[in-house]
Each structure stands twice: as C-alpha cells, then as structure tokens.
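Chemist: A single structure is presented below for examination.
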Amino acid sequence: MSGEIEDKPQPLIEHLIELRSRLIWALGAFFVAFIVCFYFAKPLFNMLVVPYKWAVGWAGLDVSKTELIYTAPQEFFFTQVKVAAFCAMVLAFPVIASQVYKFVAPGLYKNERAAFLPFLVASPILFLLGASLVYFLFTPMVMWFFLAMQQAPEDGGVAISLLPRVSEYLSLIMTLIFSFGLVFQLPVVTTLLVRVGLLDSQWLADKRKYFIVVAFVIAAIVTPPDPLSQIGLALPTILLYEVAIYAARLIEKKRAATELAEVGSPEQS
C-alpha cells in the first residue's frame, strides 16, 4: 500500500479537498453497511441474545422460555437502530481505517509507514479477540450471576424473576464489548509509544503496581457493579500490560541491534 502513495507537497486547499474525499468514502461505507445491517437487525440482535440463552441454561432454567421485553413503543425500534449502527461500524472499519491511513501516510517516512501498517492490522484483530471473549465467556458468566439472584415463591416468599429489557441488555453487551475491545488495544498503544521513544520497557515495569490499581478502578467504572465483571475485566487488562512490557523489550532489543549494526558497518568497510 505504501508504494502506491505519492509523497509530494500539497497546498492546504488540496489537503482539505482530500480530507473531504476520505470522509465521504468513510461515511458512505458506514451508510451502506448501516442499511444492510438494519435490514438484518432482528437476526443480529438474536445473535447477541445467544450468550443470555447460554446463561439461562447454566442456571438450570428452561431455555425455550427465554424472553426479553420492551416497555416503550419505540424502544425496540431504537434498539434495532443501535444494533445496525454497531454492526455497521464493525463492517465499515476496514474502509474507514484505510481512508485514515491513506490520508496520513503521505506525511510519514517509508520506515514509519512500514512500522505503522502492522499496528493497523493488529488493532482490529485484538478488538475482535476482546469482543469474542465477551461474547463466548464473559457475558454468559455475568448474566448467570444475575440470574442466580432470582427468587422462587417458596416458604411464603415473593417470586422475583429477571425480565431484561431489550435496550438495557443491548447497552450491557455493547458496553462490555467496547470495554474489552479498547482494553485489548493496550499492547498496540504502548508499543507505538515505545517505538516513537515516548515510553520504554523499564518505565512500564516500574509503574506496574500503579497500573494494577488503575486497572481495577477502570474496571469498576465501565463494568456492571458486580465483582465478577470487574475482576473479569481487570485481570485481562493486567495480563495485556505484561504483554506490552514484553513487546516493548523486543522493540528495544531490535533497535539496539540495528544501531549496533549501523555503528559497526563503517568500521568493517
């Protein structure tokens, strides 16, 4: 991709015209994806409900009687709009990312472009890994925790059952997906900062104890108020921080080897 981009000076008006063109392509891709996703909004929402069905089965309840409700006439419609927008952003991301790259790349050196591209590829992959963890493991665990709080009408007690609203369930699973997806970007962000010289592995290692506290604080803010979800987000965050430290050390070793080779080459010649 970097070989196809012409790196030449342009006046401000041409940069603005190019920016407008990139925005049109990005918004156009999102709009087309939104129309397609809105047409399939109900099946897509049903896919998002699957983890809740798994939790119902784990709780020993009848999966065939699983139901969600909506209490306002327009609630399910706007829920479908949110589902369509969420899925459209995922589908249109490759186009949006490529347009951002094509706009920024002419201002970068060739080695900077070569360094930037792997991170551009790794970012969506890590986001999908985080989203998969939420879908296949974390959401069923959280919903099972909430379902376990139901109360049967025994010994004169009142029956208390969980009937989630469609909007609240969607808000919960989207919050979890975005939270885990953003947390999984930690190695990408830190390695980029290390590559440009703003951070180093020793600084990251020294700040490990502070980061552990920050991880639990962030988890308490962005997740539902239960210990299971907070610990479930904090632990992967801490693990990814260790991965970031390891990646930073690899970058520093590679940089040192390159500098040593450059210093040694004139002597050999």
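Chemist: What distance in nm separates the two pseudo spin-label positions at Ala159 and Ser171, each 7 Å out from Cα along the beta-carbon direction?
Modeler: Roughly 2.7 nm, to one decimal.
Chemist: HN-Hα J couplings of the stretch 233-243 from phi, Karplus 6.51/-1.76/1.60, θ = phi - 60°, integer Hz, Gly and Pro as x?
Modeler: 8, 5, 5, x, 4, 5, 5, 5, 5, 5, 4
Chemist: Helix 41-58: angle to the longest alpha-carbon principal axis of the chain, degrees 0 to 90, nearest 10?
Modeler: 70 degrees
Chemist: Now for a separate question. Between the helical axis of 208-222 and the dominant principal axis of the chain, each derived from Cα atoms, what acute angle in degrees is found, rounded to the nearest 10?
Modeler: Relative to the chain, helix 208-222 is tipped by roughly 40 degrees.
Chemist: Next question. How large is the charge dipole for the chain, taken about the Cα centre, if only the Cβ atoms of Lys, Arg (+1) and Asp, Glu (-1) carry charge, to the nearest 20 debye?
Modeler: The calculation lands at about 240 debye.
Chemist: Now for a different question. Run a plain Debye calculation on the stretch 87-183 (Cα atoms as equal point scatterers, no solvent) and give log10 I(q)/I(0) at q = 0.12, 0.14, 0.22, 0.23 Å⁻¹, rounded to two decimals, same order as the q list.
Modeler: For the requested q values the scattering log ratios are -0.59, -0.70, -1.13, -1.18.
Chemist: How would you rank Leu199, Leu16, Leu233, going from fewest to most other Cβ atoms within 10 Å of each one's own Cβ?
Modeler: Exposure proxy ranking, most exposed first: Leu16, Leu199, Leu233.
Chemist: Which one of Met47, Met89, Pro187 is farthest out on the positive end of the charge dipole of the chain, using unit charges on Cβ (Lys, Arg +1; Asp, Glu -1) and the Cα centre as origin?
Modeler: Met89
Chemist: Related question: Would you kindly derive the ³J(HN,Hα) couplings of the stretch 160-171 from the backbone phi angles with the Karplus curve 6.51 cos²θ - 1.76 cosθ + 1.60 (θ = phi - 60°), listing them in order in whole Hz, with x for Gly and Pro?
Modeler: 10, 10, 8, 10, x, 7, 4, 5, 6, 5, 5, 4
Chemist: In addition: Over 26 Å between Cα atoms: which of Lys110/Lys254; Lys42/Lys65; Lys110/Lys253; Lys110/Lys207 fall into that group?
Modeler: Beyond 26 Å: Lys110/Lys207.
Chemist: Using modelled backbone amide H atoms (1.01 Å from N, in-plane), which distant-in-sequence or interchain residues come within less than 5 Å of Arg165's amide H?
Modeler: Ile69
Chemist: Report, to the nearest 10°, how far helix 110-133 tilts away from the longest principal axis of the Cα atoms in the chain, using its own Cα long axis and a range of 0 to 90°.
Modeler: The angle comes out at about 10 degrees.
Chemist: Moving to a separate point now. By per-residue mean of other Cβ atoms within 10 Å, what is the highest-first order of 253-262, 120-129, 209-218?
Modeler: Packing order, densest peptide first, comes out as 120-129, 209-218, 253-262.
Chemist: Provide the gained length on full extension for the span Ser21 to Trp58, in nm with one decimal, where the gain is 0.36 nm per separating residue minus the Cα-Cα distance.
Modeler: 8.3 nm
Chemist: Rg and Dmax of the chain over Cα atoms: what are they, in angstrom?
Modeler: 23.9, 92
Quick note: the coordinates plus some simple rules give every number you see, no bench work behind them. Just so it is clear, the structure is predicted and the values come from calculations on it, not from any experiment. Backbone-built Cβ (ideal geometry, glycine too); neighbour counts: all protein chains shown.
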